[in-house]
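Report on one structure; see the data block that follows.
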Amino acid sequence: MAKSNDIGQDDVSQVVILLDVNPYFWGRKSIESGSSGLTFNQFMQSVVLFVNSILLLNNLNEAAVVAFGTRSCRFVFNSKLQGRNDKLHSSPSSRLLKHIDEFLNTEDALPTSMEQTNINESSLLSGALSLALCYIQRTLKSGQPHPQPRVLCLQCKSDAPQQYVAIMNAVFSAQRSMIPIDTCAVGTEHSAFLQQAAHITGGIYMKPSMPEGIFQYLTVVFATDLHSRRFLQLPRPAGVDFRASCFCHKKTIDMGYICSVCLSIFCKKRSSCSTCGANFSQRQPTSIGLKRKSATITLS
Amino acid sequence: MDFRPNNIAVVANAVESFIREFFDQNPLSHLGLITIRNGVAKRITELSGNPEAHIRALRSNMECGGDASLQNALDLAREVLAQIPSYGYREVLIIYSALSTCDPGDIMDTLTKCKGAKIRCSIVGLSAEIYICKLLCEQTGGVYSVALNESHLNDLVFEHAPPPPALAESAIASLVRMGFPERVSEDAVALCACHKQVKVGGCYTCPRCRARVCELPTECNICQLTLVSSPHLARSYHHLFPVPVFEEVLLNLAHSKLPNVCFGCQQDLPIGGSKELGVRVACPKCKQHFCFDCDVYIHESLHNCPGCESLPHESNV
């Protein structure tokens, strides 16, 4: 795709969409709700329409889709690779659907390592975020005038506390590169990690109250480019859940014990730190703060 | 030699970027600003953890003039740092433009007191080396440096952003009880417990006593629980769980089924046989292949291996 300089860069966007295709979520949903509620087909249909609308909004817009399930995550669509791998110049939507199909089939075929004893039902959001950021980094480094990148994360399953550190690492990296992460919790619960991600990177967090109308939410809220957002009344966050997950039981907690040496979080009192091996002395933990320096700058 | 357009503007820029870098590297630390001019040291911000407030105060205090008094500055800094608990680091960073110090008393007394209070003093000078500055830094364990030019000044100031190595006696580990407050809705109106003022939105709720506070990290005024935001803690976790160093894949080996794109950015990778320039690296854990750019990005900024994160998580973090 040719890039021209005379078009304001603010209006050109590169959107990387992270798509949760967790089979446990969608399978359970179809059993529980029967014909009502959002089905996987409707969800996919909305996403395809959304990708098409992004590409139609501006000739230079780029879109990529990363699908993530419970066992792997992979790029399933990339508007830059138009007709390169496919012999036929097929439409973006058919390519996207074809690759999603392939992804679902390979994910089904992956061997279950733990022989059903410990089924890990959480989606691999951290991997998908890392992939998206690596991909965007390439655009940022290309040097030429590049589209404004952003990430849209459509998560269905509830948060996976064991991914907390990895997700936060990715979020801080996005913050440093000024990449907003828009997040949409499609499932039934609010997601603390998605709220934090959007809050830290300056993206939008939303939990649709009526998931069946997801297409409306996607086009009205998440299709707007960064320049237009300044003039719009977008949904305001109804508070941010800053809870963390503890290192010992992977529970999400709002109050906990912190090791003063390595800042590991534990949900119960313990005699030594499992991360850095520090022995906690018997004296009462002091009330304020952690050991960290305090500086005063003096100007003359 | 003066900096352009003038010393104060250059110093203010350096301090502004230092404040941002300092809070990026030490998210739980506090910082306060003091100005010295006309022989008087003046506190322009209290110790707090909000970079924007410091920068605003800095930008509105840009005048200069008169003599500088090192002693007054140190006395005030000592007073400010006295509230820090004994296991905290106390540091003073002075950016000193004057060539003399005009003091009301004996500066050696102040020096001894600083040493006694375990305050580490560092000075970045702008003009020339001064004996008393050097002595002060030596005695208190700080660093004294003099800037040669603008970029050197920035480098010298930035060197003070990473925390100094922990002293053995201060490294007594303790388990501190902390709360992770929830940020309330942007439209909520509530009385904050710290300033006793009505605030609209942007407040945090203490998880134990439900009192409202305006700013994190802080201590709850009602129940004394230490309140932090979990992202503050999470900023340092990549030090605890580093990404393994990627190994270079040699292309002259007869690998027939090497992936031809980088797992991270989907860019083409050099394939065996072709004379294309470029390196291909692989993660020792997940065996995925990456390009050199992704390798740098993953280890310097992301701190996650996309390949390992794309595999089902084991019980460890």
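The values are calculated or read from the model by the stated rules, or taken from the named source; none is laboratory data. All values derive from a computational prediction rather than experimental measurement. All Cβ positions, even for glycine, are placed from backbone atoms using ideal geometry, and neighbour counts span all protein chains on display. Note: accessible area is taken over every heavy atom of the protein model, side chains too, but ligands, DNA and RNA are not part of it. Shrake-Rupley method; radii C 1.70, N 1.55, O 1.52, S 1.80 Å.
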Magnitude of the Cβ-charge dipole (Lys and Arg +1, Asp and Glu -1) of segment A:12-229 about the Cα centre, nearest 20 debye, reported as 660 debye
Plugging the Cβ-Cβ distance of B:LEU148 and A:ASN41 into 1/(1 + (r/R0)^6) at R0 = 56 Å yields, to the nearest 0.05, a FRET efficiency of 0.25
How far apart, in nm, are two points set 7 Å out from the Cα along the Cα-to-Cβ line at A:LEU56 and at B:ARG20? 4.0 nm
Fraction of accessible area attributable to carbon and sulfur, segment A:12-229 (%, probe 1.4 Å): 54 percent
Tell me, what is the FRET efficiency for B:VAL245 and A:CYS248 to the nearest 0.05, using R0 = 35 angstrom and their Cβ-Cβ distance as r? 0.80
Under the Karplus relation with 6.51, -1.76 and 1.60 and θ = phi - 60°, whole-Hz ³J(HN,Hα) for segment B:37-49, x at Gly and Pro, equal 7, 6, x, 10, 9, 10, 7, 9, 9, 6, 4, 7, x
Set the bar at 20 Å for Cα to Cα. Now go through B:LYS113/B:LYS134; B:LYS42/B:LYS115; A:LYS157/B:LYS287; A:LYS268/B:LYS285; A:LYS157/A:LYS250; A:LYS157/B:LYS285 and name every pair that lies beyond it. B:LYS42/B:LYS115; A:LYS157/B:LYS287; A:LYS268/B:LYS285; A:LYS157/B:LYS285
How large is ³J(HN,Hα) for each residue in segment A:187-194, as worked out from phi by the Karplus curve 6.51 cos²θ - 1.76 cosθ + 1.60 (θ = phi - 60°), to whole Hz, x for Gly and Pro? x, 8, 9, 5, 10, 5, 5, 5
Just counting partner chain Cβ atoms within 10 Å, what average do the residues of peptide A:232-241 show around their Cβ? 4
Residues whose placed amide H lies under 5 Å from that of B:VAL92, excluding near-sequence neighbours: A:THR296, B:ARG120, B:CYS121, B:SER122
I want to verify the translational diffusion coefficient of segment A:12-229 in µm²/s; compute it with Stokes-Einstein, Rh as the Kirkwood radius over Cα pairs, at 4 °C and 1.567 mPa s. 73 µm²/s
HN-Hα J in Hz across segment A:208-214 - Karplus 6.51, -1.76, 1.60, θ = phi - 60°, x for Gly and Pro: x, 6, 10, x, 5, x, 4
Can you list the residues, at least 5 places off or on another chain, whose amide H is less than 5 Å from the amide H of B:HIS30, using H built in the peptide plane? A:ALA295
38 Å tail of the calculated P(r), the protein assembly as shown, as % of Cα pairs: 41 percent
Given the Cα-Cα distance of B:ASP187 and B:ALA57 and 0.36 nm per residue of separation, how much length would full extension add, in nm? 44.1 nm
Put a dot 7 Å past each Cα toward the Cβ at A:THR188 and A:ARG236; how far apart are the dots in nm? 3.1 nm
Given chain B, longest segment not containing exposed loop trypsin sites (Lys or Arg not before Pro) (DSSP; at most 13 other Cβ within 10 Å): B:1-195
B:VAL261's amide H: which non-local residues (gap 5+, or another chain) put their own amide H closer than 5 Å, with H modeled 1.01 Å from N in plane and none for Pro or chain starts? B:LEU269
With every protein chain in place, chain B: carbon and sulfur % of accessible area (1.4 Å): 53 percent
Select from segment B:177-191 all residues whose loss of accessible area on going from the chain by itself to the full protein assembly reaches 10 Å² or more (probe 1.4 Å). B:ARG177, B:MET178, B:PHE180, B:PRO181, B:GLU182, B:ARG183, B:SER185, B:GLU186, B:ASP187
Can you give me the distance in nm between label points at B:VAL198 and B:GLN267, each placed 7 Å from the Cα along the Cα-to-Cβ direction? 5.6 nm
Buried accessible surface, B vs A, both sides, probe 1.4 Å, in Å² to 100, equals 8100 Å²
